[in-house]
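Undergrad: Below: one structure in structure tokens.
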Amino acid sequence: MAKLEQTLYEDFDHLLNRIEDGIKAGSSSATLEEFSDFAAGNARCSVRVFERYSYMGGNRVSLNVTLFQVGNGPVELSAITSGGSQAMFFKINTLGEEAFLDKLREIL
């Protein structure tokens, strides 16, 4: 697993759209698998789960992106990749996970 957490001072909807479009455009096999959006009072949270094929690892990897904002405050981002290992008991060959997270870093 690889993880990225950041505080961003951007428009929530614009950021979410940029991430969705950028991830899908960044790989011919990238797809938005599922999503959820929540709001309570002046807080909102959006969760996106992307998946793509990793040529380096020969398997599929997922990227889970969560955005959270209270009022007009900063947007908190948490992104976690998973699924890049081929081993049964140990995590090896996680290059695909890092590459997927690097694509998000480029977008941000």
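Bear in mind these aren't lab numbers, they're just calculated from the coordinates by the rules spelled out. Here the structure is a predicted model, which means the values were calculated and not measured. Glycine also receives a Cβ, built like all others from the backbone with ideal geometry; neighbour counts cover every protein chain displayed.
Undergrad: Report the extension gain between SER62 and VAL49 in nm, rounded to one decimal, defined as 0.36 nm multiplied by the number of residues separating them, less their alpha carbon distance. Could you put the intermediate results ahead of the total?
TA: On the way: separation 13, 0.36 × 13 = 4.68 nm, distance 0.68 nm.
Here the segment from SER62 to VAL49 would lengthen by 4.0 nm.
Undergrad: Roughly how compact is segment 1-86, stated as its Cα Rg over 2.2 N^0.38 Å to two decimals? Walk me through the intermediate numbers first.
TA: Numbers: Rg = 13.8 Å, N = 86, 2.2 N^0.38 = 12.0 Å.
So segment 1-86 has a normalised radius of gyration of 1.15.
Undergrad: Something else about it: FRET efficiency for SER29 and THR7, Cβ-Cβ distance as r, R0 = 35 Å, nearest 0.05? Could the numbers behind the result be given before it?
TA: Details: r = 30 Å, r/R0 = 0.87.
Computed FRET efficiency for SER29 and THR7: 0.70.
Undergrad: Which value, in debye to the nearest 20, gives the size of the charge dipole of segment 31-80 about its Cα centre, when Lys and Arg are +1 and Asp and Glu are -1 at the Cβ?
TA: Values: 4 positive and 5 negative charges, 18 e Å.
For segment 31-80, the charge dipole is close to 80 debye.
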